[in-house]
Structure formats: structure tokens, C-alpha cells
Amino acid sequence: MGTASVVINKLWGVDLSGHKRGAIDGIDGGIPLDTTVGEIVSDMSRALNLPRDTTYHAEYQGRRLNRSETLEEAGLEDEALLTLHPEVTAG
């Protein structure tokens, strides 16, 4: 994770079914704002014990977040709830 100013202490996550819930707490006082959504999604999928052979994306307040966005760019706030969705590939 990055080294920007820290303002997020905890982010919550839930899988698409709503059955698995968990949180990521900031180490040493918080999660840096320059942390990418992709980093959080990876950490959250492990925290929720989701299948490792699946790629996930996050949704926040009805908006799909880009994995390359920082937490600041995504507008995430302390205690935000992210919903993790499995990526679906047509084929």
C-alpha cells in the first residue's frame, strides 16, 4: 500500500450474496489514500475467504470502481462498505 496521508481507518466488504462480511483495518493508524482499489479488492477477497481462482471488482454506492483508482479518487470514506462482484467473462 502507498504512503499518502491517512484518513481511512477501516473499510468493510461483503460478497455479492451478502453471506460473507469482513473488514480491512489500517495498519499503523490507517489506510493511505493513494492505495489503489485493486489492492483493497485483493486484500478484501482474501479477508472474505473468497475463491482465489476468481477475479473480483468492487462496487461502492452503486458505482463500479476501477481497480487503478486510488481510494481518494474513488471517493471512499472511513467505514465504507464495498460489495465484491466476481468478474464475468463471456465466452
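The values are calculated or read from the model by the stated rules, or taken from the named source; none is laboratory data. Values in this document were obtained by computation on a predicted structure and should not be read as measured data. Ideal geometry is used to build each Cβ from the backbone, glycine not excepted, and the neighbour counts take in all protein chains shown.
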Segment 48-63: number of residues that are assigned to a strand (DSSP E or B) and closer than 15 Å to G13 by Cβ: 5
In segment 8-47, residue surrounded by the most Cβ atoms within 10 Å (Cβ to Cβ) [restricted to those that are hydrophobic (A, V, I, L, M, F, W, C) and not in a strand (DSSP E or B)]: I40
Members of segment 22-72 that are closer than 18 Å to V88 by Cβ, modelled with pLDDT under 95 and among the acidic types (D, E): D53
Contacts under 7 angstrom Cβ, first residue in segment 73-90 being assigned to a strand (DSSP E or B), partner of a type in the set (S, T, N, Q), 6 or more apart: L84/S45; P86/T54
